[in-house]
Structure formats: structure tokens, C-alpha cells
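The structure appears below as C-alpha cells.
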Amino acid sequence: MGISINGVSKKFHSFQAVDQINLTIPTGDFVALLGPSGSGKTTLLRLIAGLELPNSGQILFNDLDYTNKNVKERKVGFVFQHYALFKHMTIFENIAFGLKVRPRKFRPSKQEIKKKVYELLELVQLKEVANRYPSQLSGGQRQRIALARALAVDPEVLLLDEPFGALDAKVRQELRIWLRELHQKMNITTIFVTHDQEEALEMADTIVVMNQGKVEQIGTPQQVYDRPKNAFVYSFLGRVNEFRGEALGTVKDGCHLSDNYVGYLRPHEVHLSTIASDNSLPVEVFHVHSVGASVRIEIKRLDNDTLIEAELSADEYRRIGPFYKGDRLYANCDSIVVFQHQHILEDSLPKTVASTI
Amino acid sequence: MRNTSKRHLLPGFGISMGFTMVYLSLIVLIPISVLFLKASTLSLSDFWQTVSDERVIASFKVTFSSSLIAALVNTVFGTLIAWVLVRYHFWGKRVVDALVDLPFALPTAVAGIALTAIYAPNGWIGQFFEPLGIKIAFSQLGITIALIFIGLPFVVRSVQPVLQDFDAQYEEAASTLGANSFQIFMKIILPAITPALLTGFALAFARALGEYGSVVFISGNMPMKTEIVPLLIITKLEQFDYAGAAAIATVMLLISFLLLFLINFWQWKQAKKHRAVKGV
């Protein structure tokens with residue numbers, strides 16, 4: 001089912017949670033609402049579900065106005081961050097709940113319910129837990145059951161609120177792949193909320209980057225990562241080094257930028273060399289640490305003592321390294337991305353560079 | 001020397017347990033055992049004769065049935081009051097909240113007199129029921145009303161905090177699955193508050209069984225009809241029949257204990273159902 005959101009706003013007391021959002025989601029799309037906490041992504045998801053009503057604007061499902069329909073009528077599957085499984089019911093009863101509460105006319109028979117529940121349990125690969133209680137399952141299992149329960153009512157839209165937020169890294173990774181496959185199999189329009197850019201990039205077909213109640217950019221993972229529309233999107237997606245403006249005649253001169261501009265450089269785009277060249281920036285090695293296949297090097301600018309993070313592949317590091325604390329190097333900033341002085345969110349910036357001005 | 005081989009993570013087990021035992025003994029166990037001792041001065045046949053007396057049996061029936069009905073009524077309406085106090089915001093909510101505890105604070109005799117005054121055949125409310133042939137004061141209905149009055153706070157106060165802590169996400173989850181408000185209440189909220197409901201019910205019931213002050217005014221104390229057990233015990237005491245009073249009290253105590261034990265057992269089973277069972 002396709003969803004259109006036209007100029008939707010939501011205010012909680014004086015806090016503008018969602019501000020004039022326009023968004024069109026085609027049928028079968030897999031969408032990530034990505035943003036820092038407080039950006040309005042969960043509120044937007046709850047507005048789509050009907051768990052909140054907008055102060056203004058329209059929400060259309062397949063071009064029909066659903067703005068004032070209640071949760072029950074919307075036929076959405078909703079998966080909560082903390083699962084919200086009913087503690088006093090077995091897993092079987094939890095999944096069957098949506099079918100059992102239907103009016104008698106539309107309620108499937110006991111056999112049909114049983115068949116459906118076992119099909120769903122098979123889908124989420126947890127057939128053996130049917131008679132257990134939620135408290136007897138692990139976090140990852142509970143989240144899969146929550147998903148099976150949401151799917152039991154044959155929703156046309158699946159909404160997931162930070163679905164893996166409460167799980168450990170390994171389980172999260174497994175469930176990402178699994179959910180991605182499930183979406184391919186079932187092709188239900190799916191929208192999930194996350195603050196983890198890696199999760200969004202890895203899973204979604206479309207990423208909606210949100211900040212302060214507004215949509216900053218909509219696009220494929222490739223688009224938002226490679227061609228960020230503004231400084232916020234660039235700095236939110238992945239690690240960055242920030243370069244603030246200085247009193248300068250031209251916009252850019254090597255690693256120096258003029259006032260009113262801000263530049264970002266991803267760690268892997270910082271090119272290090274032991275020999276000085278045109279436009280290179282003299283720096284000093286501050287800390288070197290290896291993370292698997294790559295090596296992260298923190299370097300200190302000699303002109304203003306701020307730290308920059310550089311990342312090299314292990315091979316490259318072997319070629320030009322090794323480096324020790326205090327070594328003199330030269331950094332090259334050719335890949336720097338420059339933005340006009342706007343859309344900057346201080347909180348989202350890495351701590352090591354946030355103090356630069 | 002102190003044995004330090006067995007060490008508890010939290011210190012003070014010995015002293016706190018010892019204190020608990022002494023305290024419970026002084027306050028509860030010793031007085032109750034004296035009651036049993038007194039009752040045991042009767043021979044078995046005398047004991048049986050005292051407690052199986054027609055008038056005594058009738059009073060048991062009146063006491064237990066009135067208390068049960070009062071506790072049930074309080075369970076239903078107490079839940080409603082708790083619901084209103086937790087879920088809605090209205091002007092004067094704090095006053096209503098405070099009002100709930102009033103039956104605890106009022107001397108029960110005052111409550112009894114006030115209730116009698118309004119429910120008597122010529123009272124404010126009683127006068128409307130009199131033409132319909134319904135007698136409230138001086139009947140078992142009156143006793144039940146008095147018991148409802150004094151038991152009101154128990155259910156409200158035990159359900160209120162549970163309802164307050166109940167996470168809205170469960171209701172939201174149920175509504176996204178298509179449940180209507182009634183289904184959400186019956187299938188999601190009610191099971192969650194059931195243990196608290198049972199606690200409130202048990203407390204209100206126990207309180208009603210022992211109630212004396214408010215009932216004696218409104219009941220009319222007609223033997224075989226509106227005489228409650230506590231009254232019968234007082235009557236026996238006034239006739240210096242201490243052993244007889246103790247015998248009736250003993251039976252009352254045993255039945256009450258059994259009923260409360262059953263309620264607790266049921267509640268324990270309910271609570272066990274949702275408790276985390278790890279490593280299964």
C-alpha cells in the first residue's frame with residue numbers, strides 16, 4: 001500500500017515534534033526514517049500508525065484520506081522497540097491475538113488460527129516456542145515474535161519503531177539480514193525508525209533523513225551517502241572531521257576555509273604523507289589504534305591543535321607506516337566537502353572536532 | 001564465637017528476622033494462641049454445641065455473605081474509581097483522591113450512625129425505597145452497605161498504583177492488532193491488574209468480616225436475621241461466657257484464615273503465570 005503524507009505537523013505542548021512533513025512512499029518500499037533522537041522520526045511513524053493524530057496535514061493510504069481513521073481501521077502492523085508482547089499470554093496466544101479479537105463474522109475458525117500461527121512461527125523460525133511465555137525468550141526471539149504477531153493480521157503496511165535498538169550487536173546484525181530477506185519475500189510496504197545510520201544504509205531501499213521535525217533529504221542509501229544535500233546529512237551519515245571557517249580571502253585554500261563555510265572530510269579521505277606537498281597541512285601523530293582491517297590515526301593540527309581522525313587500510317598503513325606518537329606528517333584535504341554556513345547541528349558532531357572555532 | 005562461614009550478601013539477616021519473629025509473636029501469634037487456649041477450656045461437645053447453635057450459624061451466614069457481597073461490589077466499583085483517578089484529569093481530582101481514604105479515618109460508629117440516618121425508612125435515601133417495599137437499614141442490605149463503605153479504600157488503593165505503572169504500549173499494541181476498547185480492557189488490562197484486584201478484594205473481605213462498629217447501628221441486630229458474628233461475640237462476653245465467645249471467634253478465625261489463604265494461593269498462581277522463568 002502506498003502512503004502519502006501531505007504537510008503533516010504535530011506539536012506536543014510547545015514542542016514541535018513533526019513540522020510540515022511531505023513524503024510519498026510507494027507500495028512495497030522499504031523505508032528507513034533516520035535521525036538523531038528528538039528529530040521526530042518516531043512521532044512520524046506513530047502518526048502513520050494512527051497512534052497519534054496530526055495537528056494539521058493529511059495522511060493518505062492508497063490515495064484515500066486516512067487522517068482521521070483510528071488505529072484499528074488502518075490495518076497496520078506495528079512492532080514496538082520493547083516488543084510489547086503480552087506477558088500473561090503464551091507465544092501462541094500472542095500471535096493469535098489479532099485474529100481472536102476480530103468480530104465473529106470475520107474471525108477464522110480455531111483450526112485456521114492454529115494453522116496461521118504455526119505458519120508465522122515457521123516464518124520467524126521459532127516453531128518450538130509456541131507454548132512458552134514471553135519472559136522465557138531472549139530479546140532477539142521476542143522481537144521476531146512481535147513481528148510474527150504484527151504480521152498475523154495481514155497488514156498492508158509494516159511499521160517498526162527502532163526494532164533492534166534493545167538488542168546486542170551480533171543479534172542485531174542477524175536480524176537485519178533476516179528482516180531484509182523477509183521484506184523481499186513478502187513485499188509489504190515497510191517503514192522503520194532508526195538512529196543508526198549503518199542500519200539504515202544496510203537495510204533500506206529509501207532513506208528519509210530527519211532533523212528537528214523536518215525531512216532533510218530523501219533518497220536511496222547511495223544518494224544520501226554520496227550526495228548529501230546539506231551539512232547535517234553529511235555529518236550524520238558516517239564519521240566526519242569538521243573544518244570551520246577562518247578569516248580568508250578565498251573560499252578554500254588547502255585545509256583552510258573561509259568564514260561562513262564549513263567543510264567535512266571523512267576519515268578515510270584524509271590522505272597522509274610523510275613528505276610535505278602543496279596545500280598539505282602539517283600535523284602530529286597523537287594516537288594510533290587498529291580496528292580489524294583498518295587503522296585509525298588521530299592526528300593533531302599544528303596550527304590550531306585540534307584533532308583530526310584519519311583511517312587507513314591495514315595494507316596502506318604497512319606501506320607508509322608505522323607511525324608513533326609525536327611523528328610529523330602531512331595531511332591532504334583535497335576531498336573536503338564544503339557547505340555554506342547552515343544546517344549545522346552541534347550535537348551531532350564528533351566530540352574531537354566540536355570545539356574547533 | 002560467631003560463625004562466619006555462612007555469609008549473606010545483605011547483612012543483618014539474623015537481627016531483622018529475629019525482630020520480625022518477636023514482633024509478630026507479640027502482636028499476632030500470642031493473642032491468637034490465647035484465644036485458642038481459652039476455647040480449649042470447653043469440652044469438645046460443649047464447643048460443638050456453642051458453635052452449631054442455630055443463632056450462631058445464622059450469624060455466620062449473615063457475616064460471610066454480607067462481607068463477600070460487599071467485597072465483590074468494592075472490587076468492581078473500586079476498580080472503576082481507580083481507573084477514573086488514574087486515566088482522567090478533571091477539576092477536583094485531588095479532593096476525590098483524598099475522599100477515598102475517608103472511610104479509614106472516620107470512627108466506624110460515626111459511619112454507622114450516619115448511614116443509618118440516611119438509609120432508615122424515614123431517612124434521606126431510605127424514604128424513596130420504603131414505598132417500593134425495600135428496607136435498607138435494619139436489614140442485610142444495610143449491613144452490606146456499611147461493609148461496602150468501610151472496605152472502599154482497599155481495592156482503590158491496591159489497583160491504583162498498578163494501573164498507574166501500566167505501560168501504554170500494551171494497549172497500543174492491542175489496538176494496532178484490531179482490538180476494541182472493551183477487548184483491550186478485558187484481555188490486556190484486567191489480567192495485569194488481577195493480582196492487585198485479588199489483594200484489594202482479600203483486604204476488603206477480611207476487614208468486613210471483623211467489622212463491628214458501623215454494622216451494629218444499621219443492622220438492627222435481630223437474632224437469626226441481622227445479627228453479625230462480632231456482635232454475638234460481644235453479647236457472649238457481656239454474659240461472662242468467655243469460653244463461648246472464644247469458641248465462636250476460633251471458628252470465625254479458622255474460616256477467615258482458610259478463605260484468605262485460598263485467595264492468596266490463587267493470587268500467587270496468577271502472579272507466577274507472568275513471572276520470568278529463566279533457563280527453561
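The values are calculated or read from the model by the stated rules, or taken from the named source; none is laboratory data. A quick note: this is a predicted structure, and the numbers were derived from the prediction, not measured. Please note: Cβ atoms are built from the backbone with ideal geometry, for glycine as well, and neighbour counts cover all protein chains shown. Each accessible area value is taken on the protein alone, full model and side chains, heavy atoms only, with ligands, DNA and RNA left out. Shrake-Rupley method; radii C 1.70, N 1.55, O 1.52, S 1.80 Å.
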Residues being more than 9 Å from the chain's Cα centre (by Cα), surrounded by 24 or more Cβ atoms within 10 Å (Cβ to Cβ) and within 12 Å of A:L237 (Cβ to Cβ) - total across the range A:205-216: 0
Residue match in the range A:286-297 (condition: under 26 Å from A:H256 (Cα atoms) and over 31 Å from the mean Cα position of the chain (by Cα)): yes
Boolean, A:V124 is more than 12 Å from every other protein chain (Cβ to nearest Cβ) and open to solvent by less than 10 Å² (accessible area, probe 1.4 Å): yes
Unmet requirement for B:Q49, which otherwise passes all of (1) within 17 Å of B:A204 (Cβ to Cβ); (2) open to solvent by 60 Å² or more (accessible area, probe 1.4 Å): (1)
A:N6 being in a strand (DSSP E or B) and either touching a residue at least 40 places away in the same chain (Cβ under 8 Å) or in the same structural domain as A:M210 (by TED's automatic domain parsing) (or both): yes
Looking only at the range B:52-68, and only at residues there that are more than 15 Å from B:T226 (Cα to Cα) and open to solvent by 50 Å² or more (accessible area, probe 1.4 Å), the one that is modelled with the highest pLDDT: B:L68
Of the criteria (1) of a type outside the set (D, E, K, R); (2) crowded, with 20+ Cβ neighbours inside 10 Å; (3) at the interface with chain A (Cβ under 10 Å from one of its Cβ atoms), which one B:A196 fails: (3)
Index of the failed condition, B:I188 passing every other in (1) without any contact (Cβ under 8 Å) to a residue 40 or more places away in the chain; (2) open to solvent by less than 10 Å² (accessible area, probe 1.4 Å); (3) assigned to a loop (DSSP other than H, G, I, E, B): (3)
Search result, residues across the range A:50-78 that are more than 9 Å from chain B (Cβ to nearest Cβ), within 25 Å of the chain's Cα centre (by Cα) and β-branched (V, I, T): A:I59
Filter result for B:F205 (surrounded by 22 or more Cβ atoms within 10 Å (Cβ to Cβ) and part of a helix (DSSP H, G or I)): yes
The range A:276-285, residues that are surrounded by fewer than 17 Cβ atoms within 10 Å (Cβ to Cβ) and either at pLDDT 80 or above or part of a strand (DSSP E or B) (or both): A:P282, A:E284
Residue within the range B:212-223 that is under 22 Å from the mean Cα position of the chain (by Cα), more than 14 Å from chain A (Cβ to nearest Cβ) and part of a loop (DSSP other than H, G, I, E, B) present: yes
Strands (runs of 3 or more DSSP E) lying entirely in the range A:22-79 (those with 3 or more residues that are open to solvent by less than 10 Å² (accessible area, probe 1.4 Å), in contact with a strand residue (DSSP E or B) (Cβ under 7 Å, 6 or more places away or on another chain) and under 18 Å from B:L177 (Cβ atoms)): A:76-79
Elements of type helices (runs of 4 or more DSSP H) contained in the range B:75-181, each with 3 or more residues being open to solvent by 40 Å² or more (accessible area, probe 1.4 Å) and either basic (K, R) or more than 14 Å from every other protein chain (Cβ to nearest Cβ) (or both): B:93-100, B:102-105, B:108-119, B:126-129, B:140-165
Index of the failed condition, B:T226 passing every other in (1) buried (at least 18 other Cβ atoms within 10 Å of the Cβ); (2) part of a helix (DSSP H, G or I): (2)
Enumeration of residues in the range A:226-241 that are more than 12 Å from the chain's Cα centre (by Cα) and aromatic (F, W, Y): A:F232, A:Y234
Odd one out for A:K115 among (1) out of contact with any strand residue (DSSP E or B) (no Cβ under 7 Å at 6 or more places or on another chain); (2) closer than 19 Å to B:L177 by Cβ; (3) within 13 Å of chain B (Cβ to nearest Cβ): (3)
Subset of the range A:84-97 (residues that are within 9 Å of chain B (Cβ to nearest Cβ) and not small (G, A, S)): A:L85, A:F86, A:K87, A:H88, A:M89, A:F97
Subset of the range A:128-154 (residues that are open to solvent by 10 Å² or more (accessible area, probe 1.4 Å), part of a loop (DSSP other than H, G, I, E, B) and closer than 22 Å to A:T189 by Cα): A:V153, A:D154
